[in-house]
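Participant: Quick one: the structure is below, questions incoming.
The values are calculated or read from the model by the stated rules, or taken from the named source; none is laboratory data. As the structure is a prediction and not an experimental result, all values here were calculated from the model. Using ideal geometry, Cβ is built from the backbone for each residue, glycine included, and neighbour counts are taken over all protein chains shown.
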Amino acid sequence: MGSGGGAEEERIDTLNWRSGRDFQRLRLQRRKTLQHMIAVSRAYALSGDKTKAKSVHQDFLTIWKDADPNIPMLKQAKTEYAKLQ
């Protein structure tokens, strides 16, 4: 292969690294957003607004409806939601 092939491979490697990095960043951002949802729901519950707390928890559980049921955050959210009933 000529020198152009090496440069092209390097460019593809750089793009793959960037897309992998961006994917990891998005995963982290989504996780923080979901943690924020639970925190907001807990704040509503502590302030006595069970209706809003249940609504935020329902939204969280809807997002996670197809997730592995053994994920600790999901298990805890289900337990907390049951207590709001």
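Participant: Do we have any residue at all in the range 72-84 that's at pLDDT below 90, of a type in the set (Val, Ile, Thr), part of a helix (DSSP H, G or I) and on the phi < 0 side of the Ramachandran plot?
Facilitator: No, because not a single residue in the range 72-84 is at pLDDT below 90, of a type in the set (Val, Ile, Thr), part of a helix (DSSP H, G or I) and on the phi < 0 side of the Ramachandran plot.
Participant: Looking at the range 1-55, which of its residues are exposed (fewer than 10 other Cβ atoms within 10 Å of the Cβ), modelled with pLDDT of 75 or more and not in a helix (DSSP H, G or I)?
Facilitator: Gly48
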